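Engineer: I'd like to ask some things about the structure below.
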Amino acid sequence: DVAKRNEAQLTVVNVIDSRTYSSYEVYDAQFTEKSKNFSEDLLNGYKEVATNAGVSDVVTRLEFGSPKAIIPKKLATDVGADLIMCGTSGLNAVERFIVGSVSEAIVRHSPCDVLVVRTEELPEDFQPQVATDEFRSQYQTH
């Protein structure tokens, strides 16, 4: 709604944290390609939702690396972002202390304003999508 109202470009971003999966790639050489395909499907779905909602200029970006560094330090500058909107991961206090929060890193290091959206209640029809579940069902090699 913000992009539509302001006639702004909406850049939808997904960063595959390649550091997390580097050891897995040794066992499955197709893992990077599967991750990329899944992410592209995800981005295209979000682009379609935004376009159907009336946003006229929607761009998608797929990056590999640390989301904590890439989003605020690289992508925000690359696209000339005026505002970054991100969600919270739902980590508890201990998890945030150990691994840190991506949204917190974006807030701390972004060159522009950041809006963090937190959803307390999920809709009744909400069905979580986990990449590994999708890999098993859609991208599994035979």
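Engineer: Filter the range 51-76 for residues that are of a type in the set (V, I, T) and either touching a Gly at 6+ places or on another chain (Cβ under 8 Å) or in the same structural domain as I16 (by TED's automatic domain parsing) (or both) and give the result.
Structural biologist: Across the range 51-76, the qualifying residues are T51, V55, V58, V59, T60.
Engineer: What is the number of the single condition among (1) polar (S, T, N, Q); (2) modelled with pLDDT of 95 or more; (3) more than 22 Å from S35 (Cα to Cα) that T77 does not meet?
Structural biologist: Of everything listed in (1) polar (S, T, N, Q); (2) modelled with pLDDT of 95 or more; (3) more than 22 Å from S35 (Cα to Cα), T77 misses just condition (2).
Engineer: If we keep just the residues of the range 80-104 that are part of a strand (DSSP E or B) and of a type in the set (A, V, I, L, M, F, W, C), which is modelled with the lowest pLDDT?
Structural biologist: C86
The values are calculated or read from the model by the stated rules, or taken from the named source; none is laboratory data. All values reported here derive from a predicted model rather than from experimental measurement. Backbone-built Cβ (ideal geometry, glycine too); neighbour counts: all protein chains shown.
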